[in-house]
Amino acid sequence: MKLLRYGPVGAEKPGILDADGRMRDLSAHVASLDAEALSPRGLQRLRAIDPASLPLVDGEPRLGVPFTGIGKFVAVGLNYSDHAAESGMPSPKEPILFMKATSCLCGPNDDTVQPRDSTKLDWEVELGIVIGTRAQYVPEERALEHVAGYCVVNDVSERDFQLERGSQWDRGKGCDTFGPVGPWLVTTDEVPDPQALDMWLDVNGEPRQRGSTRTMIFGCATLVSYISRFMTLLPGDIITTGTPPGVAMGMKPPRWLVPGDVVTLGIGGLGQQRQRVVAWNG
C-alpha cells in the first residue's frame, strides 16, 4: 500500500493510492493514519479495503507528512562511505546518531525556509524507515519485522549551524521545514529489499545526487537493531538512514542553496518530492 495524507496544514485527511496511481479518500474507514493504523493489525484492516471502492480525491491537493504520531525523528550520519569521503570524514565504526526535531517535519512539496543567518543550506536525499511495532533490544535478524514501511526524506541541513558552531549536529538539522517526508508511506510488502533502492536529487533540474541504498555502511536491519539498544522505538518513529554523495558541502567550491532554488528528489518505488527554497520572513 501507498498511504498518504492530503489537505491544508493541520487539516490533512487520510488517503491511499489506487492501482492507477489515483488518490482515494480513506476518511470513512480511518480517522487518522496514526500509530494504531501503522500496527500490523491496523495495516491488515487497511489492506482489506478495495481502493477502487473509495471516493476519488479531486484535483491535486497539498500532501502532508503521510502519517501522524511521530514521537522521534532519528537520523544517521555518514552512512555511505562515498559521502563520508566527500565530507572529509572517516567511515564510522558504529552508526552516528543524531535527532531531528519533530517540529521540522513538513509535507514533501512544502517550501524549504532558509533560516535567519543561514549561509550554508544543503540537501540530502535519504531513505526513511517507519516503525510499526515497539522495538527494544531487537536482534538484527528480527529487526525488519518491526517496520511498517518506508518513505522519502530530505534531510535538509545548515552546515554552518551543524559543523562550525561546536560538535552538536542537531542545531543544523532541526530548523523548521528541514524534514520533508513523503509523498507516501510505502508498506513493507511493496519493498521486498530496502537495500536495493535507487536514489536521486536534482537542484534546478541539474543532477546532484545519484546513489543506491546498496552502498549503505549500515543497512536498515542493522540500524533498527542498533538504535533499539539505546532508545525504545515506538510506532510512528522515523529513522532517516543517511545520504549518498553529491551534497553541496562536497562540491568544489560548494554550491549552497539560496532562495529561488528548486530541489527535486526521489527513491525508486517510494515517490518524489519537490521543494522551493524561500527566505525566512519573520
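From the P(r) of the range 73-279, could you give the percentage of C-alpha pairs in the tail past 26 Å? More than 26 Å apart: 26 percent of the Cα pairs in the range 73-279. Legend: translational diffusion of the range 230-282 by Stokes-Einstein, Rh = Kirkwood radius over C-alpha pairs, 37 °C, 0.692 mPa s; D = 226 µm²/s. The calculated FRET efficiency for Ile49 paired with Arg274, based on their beta-carbon distance and R0 = 51 Å, is about 0.95.
Helical runs assigned H by DSSP (4 residues or longer) give the chain a calculated mean residue ellipticity at 222 nm of -2500 deg cm²/dmol, each run adding -39500 (n - 2.57) before division by the residue total. Assuming charge only on the beta carbon of Lys and Arg (+1) and of Asp and Glu (-1), the dipole of the range 2-53 about its Cα centre is about 80 debye to the nearest 20. Pairs of lysines in the chain whose Cα atoms sit within less than 29 Å of one another amount to 20, provided the residues are eight or more positions apart or on different chains. Between Val258 and Glu141, the simple label model (points 7 Å from Cα in the Cβ direction) yields a spacing of 5.6 nm. Sparsely packed loop sites in the range 41-149 (the chymotrypsin sites (Phe, Trp or Tyr not before Pro) outside DSSP H, G, I, E and B with at most 16 other Cβ atoms within 10 Å) comprise Tyr137. Averaging the sequence gap over all C-alpha pairs within less than 8 Å and six or more residues apart, then dividing by the number of residues, gives the chain a relative contact order of 25 percent. The rule of thumb for compact globular proteins, 2.2 N^0.38 Å, goes into the C-alpha radius of gyration of the range 2-53 1.08 times.
Every read-out reported here was derived from the displayed coordinates using simple, explicitly stated rules and does not represent laboratory data. It should be emphasised that the depicted structure is a prediction, and the values quoted were computed from it without experimental measurement. Cβ coordinates were reconstructed from backbone atoms using ideal geometry, including for glycine residues, and neighbour counts include every protein chain displayed.
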